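> Take this structure first; my questions come after.
The values are calculated or read from the model by the stated rules, or taken from the named source; none is laboratory data. Computed from a predicted structure; not experimentally measured. Note: ideal-geometry Cβ built from the backbone for every residue, glycine included; neighbour counts use all protein chains shown. Ligands, DNA and RNA are excluded from the accessible area calculation, which covers all protein heavy atoms including side chains. Shrake-Rupley method; radii C 1.70, N 1.55, O 1.52, S 1.80 Å.
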Amino acid sequence: LHTNYQKTLSVSAIPAFYLEPNSRTSINDSSTNLQGDFMAQSISIPLGAGNSMSVTLNQCLERF
């Protein structure tokens, strides 16, 4: 009853400089049928021009 596997998501995208670690993000992707709230665990932003950033997110699980 009290155990649940947490989803981890890795995303590569154009740099979003406003995104900070431990910020809550909503994901809704119809092509992979993935939706929910995720917390940014780590962010890697390259210094070079034309590169993409990578973000590791963990799913937020609500307790009632």
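> For the range 28-64, how many residues meet the condition of being open to solvent by less than 60 Å² (accessible area, probe 1.4 Å) and among the basic types (Lys, Arg)?
Matching residues across the range 28-64 total 0.
Here's the yes/no breakdown for (1) out of contact with any helix residue (DSSP H, G or I) (no Cβ under 7 Å at 6 or more places or on another chain); (2) of a type outside the set (A, V, I, L, M); (3) assigned to a loop (DSSP other than H, G, I, E, B):
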| position | (1), (2), (3) |
| --- | --- |
| Leu9 | yes, no, no |
| Phe17 | yes, yes, yes |
| Glu20 | yes, yes, yes |
| Ser26 | yes, yes, no |
| Gly36 | yes, yes, no |
| Met39 | yes, no, no |
| Ser42 | yes, yes, no |
| Pro46 | yes, yes, yes |
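> Let me ask you something else. Exactly one condition in (1) assigned to a strand (DSSP E or B); (2) at pLDDT below 90 is false for Thr3; which is it?
Failing condition for Thr3: (1).
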